[in-house]
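Visitor: Structure provided below as structure tokens; questions to follow.
The values are calculated or read from the model by the stated rules, or taken from the named source; none is laboratory data. Fair warning: this is a prediction, and the values are worked out from it, not measured in the lab. Because the Cβ atoms are built from the backbone with ideal geometry, glycine has one as well, and the counts that use them run over all protein chains shown. Side chains are part of the model used for accessible areas, which takes the heavy atoms of the whole protein and leaves out ligands, DNA and RNA. Shrake-Rupley method; radii C 1.70, N 1.55, O 1.52, S 1.80 Å.
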Amino acid sequence: MISIQETTVPAVEPSESLERDAAEDEEMESAEGGSSKMTVEERKAKMDQLRKRLAASSRANRQSLIEESTKLKVTARDAARLERQRKLAETLRQKADAEERGEDIDRAKNWEYTIEENDAWEKKLARKKRRADFEFHDDAHAARRRYKKDLDLIKPDLVAYNKQKEIAMGLAPGTLSNFDPKAGPSSLQVSTTSLEQQLAAENLYRDANTLMYGDNKPSEDAIDRMVSKINKDIDKKSKFSRKRLNEDEGDITYINEHNRVFNKKIARYYDKYTSEIRASFERGTAL
């Protein structure tokens, strides 16, 4: 039979805890007494050290505040400008490296483009060249330019068009949207001809003899796109300012727009002093 002996933990008497607290109080008083024995010079040095730490902390906080404020002031336009500068610097570096190696930088860059990208770029340049004529010829020309610009913003809804075409052609739903060109025409599932198909065909392929008119109901997304386009045009028209010739300014005394603005500022302050001298030079009577 195994006997288990009970172990008793000695309890801490209240007197012992009081003695411990008293000892801690005495240590704290002795530490305070030691600090009170500091001389005036030591206290002054301690105060100077604390003031230096406070000043350093204030400067660090001020610097952090300035950096954060500078970051918030950087707008999207500034970010785009910095990005353009970075790309320009990278282009100049690549050009300098190519010149050192004796290579043509344009030929080296053209190797990075595919034939499709090159064709798209040439088409873009050709379209830009065609639209470079900004002069007003007649109302028909202006309307055509506006129509061409609006065509660039149109994104046709091919899903809705394929659905209408499936009904008009009598195809099963989802046939054109899931059409595989490799499978050939045999993959098209033609359904039976019905009255709905005939109406859909007449509605989709209208000619000059059709009697259907004004029965189209646009979707909410189409209405929102039209409203946003109209608001965009109104906003653009309100901000547009045609460049007018400066007939009322007299003689041309500038070589570019920046120089024109500079001469205008100079004339604002010094014309009253130099007008007589300039008139004398023009008459040829200046000494």
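Conditions (1) at pLDDT 75 or above; (2) more than 28 Å from Leu153 (Cβ to Cβ), marked per residue:
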position	(1), (2)
Gly170	yes, yes
Gly174	no, yes
Lys182	no, yes
Ser194	no, yes
Glu202	yes, yes
Arg206	yes, no
Asp215	yes, no
Glu220	yes, no
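Visitor: If you don't mind, there's one more thing I want to ask. Would it be correct to say that Phe281 is at pLDDT 85 or above and open to solvent by 80 Å² or more (accessible area, probe 1.4 Å)? Break it down stepwise before answering.
Guide: Numbers: at pLDDT 85 or above: no; open to solvent by 80 Å² or more (accessible area, probe 1.4 Å): yes.
So Phe281 does not fit the description; no.
Visitor: Give all pairs with beta carbons closer than 7 Å in which a residue from segment 134-157 that is over 23 Å from Arg225 (Cβ atoms) meets a residue that is open to solvent by 70 Å² or more (accessible area, probe 1.4 Å) and modelled with pLDDT under 80; count only pairs at least 6 apart in sequence or on separate chains.
Guide: Close Cβ pairs satisfying both conditions: Ala142/Phe136.
Visitor: Answer yes or no: is there a residue in segment 30-41 that is at pLDDT 85 or above, of a type outside the set (Gly, Ala, Ser) and part of a helix (DSSP H, G or I).
Guide: yes
Visitor: Step by step: first the residues of segment 94-113, then only those that are open to solvent by 100 Å² or more (accessible area, probe 1.4 Å) and not in a helix (DSSP H, G or I), then the one that is modelled with the highest pLDDT. Which residue is that?
Guide: Ranking the candidates gives Tyr113 first.
Visitor: Collect the residues in segment 92-142 that are within 30 Å of the chain's Cα centre (by Cα) and aromatic (Phe, Trp, Tyr), keeping them in residue-number order.
Guide: Once the filter is applied, which keeps residues that are within 30 Å of the chain's Cα centre (by Cα) and aromatic (Phe, Trp, Tyr), segment 92-142 yields Trp111, Tyr113, Trp121, Phe134.
Visitor: Continuing with this model, one more query. Take the conditions part of a helix (DSSP H, G or I), open to solvent by 100 Å² or more (accessible area, probe 1.4 Å) and modelled with pLDDT of 80 or more and apply them to Glu116. Does it pass?
Guide: It is true that Glu116 is part of a helix (DSSP H, G or I), open to solvent by 100 Å² or more (accessible area, probe 1.4 Å) and modelled with pLDDT of 80 or more.
Visitor: Out of Lys148, Lys52, Lys155, Lys71, which single residue is basic (Lys, Arg) and part of a loop (DSSP other than H, G, I, E, B)?
Guide: Sole residue among the options that is basic (Lys, Arg) and part of a loop (DSSP other than H, G, I, E, B): Lys155.
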